[in-house]
Amino acid sequence: MDIPSKYEPGKTENKWYSYWMKNGFFKSIPDEREPYTIVIPPPNVTGVLHMGHMLNNTIQDVLIRRARMQGKNACWVPGTDHASIATEAKVVAKLKAEGIDKHDLTREAFLEHAWEWTHKHGGIILEQLKRLGASCDWDRTLFTMDDKRYESVIKVFVDLYNKGLIYRGVRMVNWDPQARTAVSDEEVIYTEEKSKLYYVRYKIVGEDGYVTVATTRPETILGDTAVCANPGDERYIHLKGKKVIVPMVNREVPFIFDSYVDPDFGTGCLKITPAHDINDYEIGIRHKLPSIDVFNEDGTMSSRAGLFIGVDRFKAKDLAEKELQKTGNLVKVENYDNKIGRSERTNSVIEPRLSLQWFVKMKKLSQPALEAVLNGEVRIHPSKFKNLYRHWMENVHDWCISRQLWWGQRIPAWYYNDNEFVVAVNVTEALELARQKTGNKNLSKDDLREDDDVLDTWFSSWLWPITSFDGINNPDNKDIKYYYPTNDLITAPEILFFWVARMIIAGYEYMGQKPFNNVYLTGLVRDQQRRKMSKSLGNSPDPIELIEKYGADGVRVGMLLCSPAGNDLLYEDSLPEQGRNFANKIWNAFRLVKSWNIDDTVAQPESSKLAVKWMEEIMKKSIIEIDSAFRKFRISEALMITYKLFWDEFSAWYLEIIKPEYQKPIDTITFGATVAIFEKLLKVIHPFMPFITEEIWQFLSERNDGDSIMVAGMPEAKKFNAELIAGFELMKETVGAVRTVRKNRDIANREKIQLLIMADKNSYDSELLPVVNKLCNLSDVIFISEKQDNVASFMVGITEYFIPVAGNFDVESEIAKIQAEMNYHMGFLANVRKKLDNDRFVMNAPKNVLELEIKKKNDAESKIKTLEEALKSLSGPMGSKK
């Protein structure tokens, strides 16, 4: 067998991924097995892989591969999101670069460009996921704008409208002037930014006096329709029933009173601009104020502003400041830290704007989804996010679902007679409804006009676990009955509300049950300065370049090593490098085992027999711990247990014990057991590192075409021998101490030494001495009852050991070492005694905890006594000998 000297991920990864695909190992169809289902959080169709995708999809693949190996029918559904705002923005930019304005095109012509862009760039990210090793059922690949998903979204809109849960109305919305569309509350990111606070005078009508108003937006003064104070603010009581003059436009407006106004902010006076502030809008409704919209859709000043018409809003702010100075109405300007809302998609400053939009009534609809998380039917990991979820759901607002775009599912509302409309799944049904409503049987399709807006992208995504199995169109189909509800959803905390919560809402509304059992929230991938990774900052490495440099397995391990649930991952290149080093460690261990010659005439050494026995037990213990970590969604912890099991227990200890002497063969029994242990370890590692484990597994034993580790059984948790494991830990401590003596005394490893044990041979547990003998190159093990001269000593547990040392014996060094060890144990004993002297601890501690503390006290006292005796012997006549 030709085994390469180095592991070469570049050659290996493509070979085995193609093999898995050819053999259909990722494919899932309903059968009698227990299903395990994950639906991928669909990335943007025109997006490319970034570090967040790497982390999220690595975790999903770990879970799906593990479930597959546990004998479950694992189904990981891939797909992409049409991403209305992001995709349309890219298509508009592409057209602009070609000298084409979107608004010069018909809707149909623009959509042709959008589909062309999607077909050209769509799916790149899914191909990149294959490089990572993602074992999705690619035959099930979906797109939120494909026919079935499109049809499902339209049906749900019509259904909710008919239930009275969707309505159309004028409301204050978050307007993105760059994308020229409304966005939901959850798509607005608020940041503290440097701003200015302008103090502006408003003349009181019929008097010489003025009132001063503080505002951050002087350009919106043009839309003021009142000035307001708190009714309890005595400074302004005299202005009741008065009017003031709006600067720049000289419009008379009433001075009103409303309890919303904070008397301590600014001057205690508030300018009221109902068209451009949500709070002003609500005050305007209460006081029946007119509304003047001074902005166009693109953020330029409108004709209703009266001044600065066609000028961008930020330029208009500067012009307004100059105009106010010119007219003597600007009192002063102060620096001010202001919370600014920006569009998540375009980073444009959001403009509150009155607009006719479509909304979903959320209060009643969301109740089952709130209860599902509170009662644990849907579990959120880590649980700290449960309170955030509850807060949002208890304070949920109606969801604005219309977007002023062309790319997306078009709102199925048809208008006739100006603003009369019907809602239907298609124009044929719409025509029938319109004829019924009007009584006009002569109405034709030409008399109907479909709504120009499309639906919010999240209005398709919230149905994802259902539409992934066509559950809206065919609610009783085989797939939806088998795979739904899905098992686990892996996503990021920032979309807990506007995706996760809404999927739970849709699940109960349309399936009568939850969409998934668990929600695992990953942290964000950040750089070492804790900045979010982004192209603009230049701090985000290219994931494909990382895979090419460190191998997919190395990158997967690197992403998981420091990513506890819900906490951010501080990325640096040392992480995938550590993953690559682990892959090399596994490869080198494999080459070592395969390099040994086997001789069936050689008897199995006792040390090897004990090592095999111990390794099997430590694996059982580790598998229990790994299973527990997975149940708690501590994926990083599960990896670390696996990592240490291979690196420390198998490579550093087991292989060292069983390794035959130089150029000598290994016995058949030990070699067979080692191959079996190695194979079991590979299975445990496989979900984390699929490529190298497949490569070695195929080499390790003779395999048939079509065999694969990814469909081999995962080792199951079994009871383990805790006593043997504890004994082995003491053995490791003994070996470590002997090696330290060799190092400190400059005794070569090839030189045999004696080990003297201060213990009764009949009561001392000698079972593991053959292992100590092998690892420490001992000539003799002698049990003694008295201390010896010219020895180096050490303690393991409460047993004292001695090693005779030739040449000069440094008494002072030995005394210092024993004194330091004794100081440690005395400090430890003081802490234990402090606990045991605490009556509350003794009364309330569980029996096993109390017994453990008493044992610690007794062991420490015994060690101190032994060390005192050793110190005494070195200080006496024996210690004076050279």
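Within the set of pairs 6+ apart or on separate chains, which have a first residue in segment 703-731 that is of a type in the set (Phe, Trp, Tyr), a second that is surrounded by 17 or more Cβ atoms within 10 Å (Cβ to Cβ) and assigned to a loop (DSSP other than H, G, I, E, B), and C-beta atoms under 8 Å apart?
Within 8 Å, the pairs are Phe728/Leu768.
For Leu222, are the conditions met, namely being of a type in the set (A, V, I, L, M, F, W, C), farther than 30 Å from Gln404 by Cβ, open to solvent by less than 70 Å² (accessible area, probe 1.4 Å) and assigned to a helix (DSSP H, G or I)?
No, not satisfied.
Looking for something open to solvent by less than 20 Å² (accessible area, probe 1.4 Å), of a type in the set (A, V, I, L, M, F, W, C) and at negative phi - is there at least one such residue anywhere in segment 13-28?
The answer is yes, given that some residue of segment 13-28 is open to solvent by less than 20 Å² (accessible area, probe 1.4 Å), of a type in the set (A, V, I, L, M, F, W, C) and at negative phi.
Determine whether Gly523 is crowded, with 18+ Cβ neighbours inside 10 Å and in contact with a helix residue (DSSP H, G or I) (Cβ under 7 Å, 6 or more places away or on another chain).
Spelling it out, it is not the case that Gly523 is crowded, with 18+ Cβ neighbours inside 10 Å and in contact with a helix residue (DSSP H, G or I) (Cβ under 7 Å, 6 or more places away or on another chain).
Take Phe265 and tell me if it is under 23 Å from Ala182 (Cβ atoms) and either open to solvent by 50 Å² or more (accessible area, probe 1.4 Å) or modelled with pLDDT under 95 (or both).
Considered against the rule, which asks whether it is under 23 Å from Ala182 (Cβ atoms) and either open to solvent by 50 Å² or more (accessible area, probe 1.4 Å) or modelled with pLDDT under 95 (or both), Phe265 comes out as no.
Please go through segment 117-148 and pick out each residue that is at pLDDT 95 or above and more than 25 Å from Gly24 (Cβ to Cβ).
Thr144, Met145, Asp147
For segment 512-545, name all the residues that are touching a residue at least 60 places away in the same chain (Cβ under 8 Å) and outside any loop (DSSP other than H, G, I, E, B).
Answer for segment 512-545, where residues must be touching a residue at least 60 places away in the same chain (Cβ under 8 Å) and outside any loop (DSSP other than H, G, I, E, B): Phe516, Asn517, Asn518, Val519, Tyr520, Leu521, Val525, Pro543, Ile544.
Output the residues belonging to segment 405-424 that are part of a loop (DSSP other than H, G, I, E, B), open to solvent by 40 Å² or more (accessible area, probe 1.4 Å) and modelled with pLDDT under 95.
Within segment 405-424, Asn417, Asp418, Asn419 meet the criteria.
Only one of Glu656, Glu729 is of a type in the set (D, E, K, R) and under 37 Å from the mean Cα position of the chain (by Cα). Can you tell me which?
Exactly one of Glu656, Glu729 is of a type in the set (D, E, K, R) and under 37 Å from the mean Cα position of the chain (by Cα), namely Glu729.
Within segment 622-653, restricting attention to residues that are free of Cβ contacts under 8 Å to residues at least 60 places away in the same chain and of a type in the set (Asp, Glu), which residue is least open to solvent (accessible area, probe 1.4 Å)?
By that ranking, first place goes to Glu649.
So in segment 593-615, with the set limited to residues that are touching a Phe, Trp or Tyr at 6+ places or on another chain (Cβ under 9 Å) and buried (at least 18 other Cβ atoms within 10 Å of the Cβ), which one is farthest from Pro687 (Cα to Cα)?
Selected residue: Leu610.
Of all residues in segment 732-743 being touching a residue at least 60 places away in the same chain (Cβ under 8 Å) and among the hydrophobic types (A, V, I, L, M, F, W, C), which is farthest from Pro687 (Cα to Cα)?
Val741
Glu814 is checked against (1) surrounded by 14 or more Cβ atoms within 10 Å (Cβ to Cβ); (2) modelled with pLDDT of 75 or more and fails just one. What number does that condition carry?
Going through (1) surrounded by 14 or more Cβ atoms within 10 Å (Cβ to Cβ); (2) modelled with pLDDT of 75 or more one by one, Glu814 breaks only (2).
When the residues of segment 268-282 are filtered to those that are hydrophobic (A, V, I, L, M, F, W, C) and crowded, with 18+ Cβ neighbours inside 10 Å, which remaining residue is modelled with the highest pLDDT?
Ile272
Checking Asn517 against (1) in contact with a Cys (Cβ under 9 Å, 6 or more places away or on another chain); (2) among the polar types (S, T, N, Q); (3) surrounded by fewer than 16 Cβ atoms within 10 Å (Cβ to Cβ): exactly one of these is not met. Which one?
Checking Asn517 against (1) in contact with a Cys (Cβ under 9 Å, 6 or more places away or on another chain); (2) among the polar types (S, T, N, Q); (3) surrounded by fewer than 16 Cβ atoms within 10 Å (Cβ to Cβ), the one that fails is (1).
Within segment 477-503, track down each residue that is more than 22 Å from Pro368 (Cα to Cα) and either of a type in the set (Phe, Trp, Tyr) or assigned to a loop (DSSP other than H, G, I, E, B) (or both).
Asn477, Tyr482, Ala492
Which numbered condition in (1) in contact with an Asp or Glu (Cβ under 9 Å, 6 or more places away or on another chain); (2) assigned to a helix (DSSP H, G or I); (3) surrounded by 20 or more Cβ atoms within 10 Å (Cβ to Cβ) is the only one that Lys148 fails?
The failed condition is (3).
I'd like the full set of residues that are closer than 18 Å to Asp159 by Cα and either at pLDDT below 95 or open to solvent by 10 Å² or more (accessible area, probe 1.4 Å) (or both), limited to segment 494-512.
Tyr508, Glu509, Tyr510, Met511, Gly512
When you scan segment 782-796, do you find a residue that is farther than 30 Å from Lys857 by Cα, surrounded by fewer than 17 Cβ atoms within 10 Å (Cβ to Cβ) and modelled with pLDDT under 90, even just one?
For segment 782-796, residues farther than 30 Å from Lys857 by Cα, surrounded by fewer than 17 Cβ atoms within 10 Å (Cβ to Cβ) and modelled with pLDDT under 90: present.
So which residues in segment 842-870 are at pLDDT below 75 and closer than 30 Å to Glu786 by Cβ?
Matches in segment 842-870: Thr866, Glu869, Ala870.
Out of Arg390, Arg353, Arg304, Arg345, report the one residue that is open to solvent by 20 Å² or more (accessible area, probe 1.4 Å) and in a strand (DSSP E or B).
Arg353
With respect to Glu192, determine if the residue is over 30 Å from Thr58 (Cβ atoms), at pLDDT 90 or above and not in a helix (DSSP H, G or I).
yes
Residue under question is Ile285, and the condition is that it be surrounded by fewer than 18 Cβ atoms within 10 Å (Cβ to Cβ), free of Cβ contacts under 8 Å to residues at least 60 places away in the same chain and either in contact with a Ser or Thr (Cβ under 8 Å, 6 or more places away or on another chain) or acidic (Asp, Glu) (or both); does it hold?
no
The rows are residues; the columns are (1) in contact with a Pro (Cβ under 6 Å, 6 or more places away or on another chain); (2) within 30 Å of Gly133 (Cβ to Cβ); (3) in a loop (DSSP other than H, G, I, E, B).
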residue	(1), (2), (3)
Asp648	no, yes, no
Tyr654	no, yes, no
Ala676	no, yes, no
Lys680	yes, yes, no
Pro687	no, yes, yes
Thr693	no, yes, no
Gly706	no, yes, yes
Gly713	no, yes, yes
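Given the condition modelled with pLDDT of 90 or more and either aromatic (Phe, Trp, Tyr) or touching a Pro at 6+ places or on another chain (Cβ under 6 Å) (or both), answer yes or no: does some residue in segment 178-188 qualify?
For segment 178-188, residues modelled with pLDDT of 90 or more and either aromatic (Phe, Trp, Tyr) or touching a Pro at 6+ places or on another chain (Cβ under 6 Å) (or both): absent.
Take the conditions more than 30 Å from Gly376 (Cβ to Cβ), open to solvent by 10 Å² or more (accessible area, probe 1.4 Å), touching a residue at least 40 places away in the same chain (Cβ under 8 Å) and part of a helix (DSSP H, G or I) and apply them to Glu548. Does it pass?
yes
Which of the helices (runs of 4 or more DSSP H) contained wholly in segment 55-140 include at least 3 residues that are surrounded by fewer than 15 Cβ atoms within 10 Å (Cβ to Cβ), free of Cβ contacts under 8 Å to residues at least 60 places away in the same chain and of a type in the set (Asp, Glu)?
Output list reads 107-121.
The values are calculated or read from the model by the stated rules, or taken from the named source; none is laboratory data. Since we're looking at a predicted model, the values are computed, not measured. Virtual Cβ from ideal backbone geometry, glycine too; neighbours counted across all protein chains shown. The area values use the complete protein model at the heavy-atom level, side chains included, leaving out ligands, DNA and RNA. Shrake-Rupley method; radii C 1.70, N 1.55, O 1.52, S 1.80 Å.
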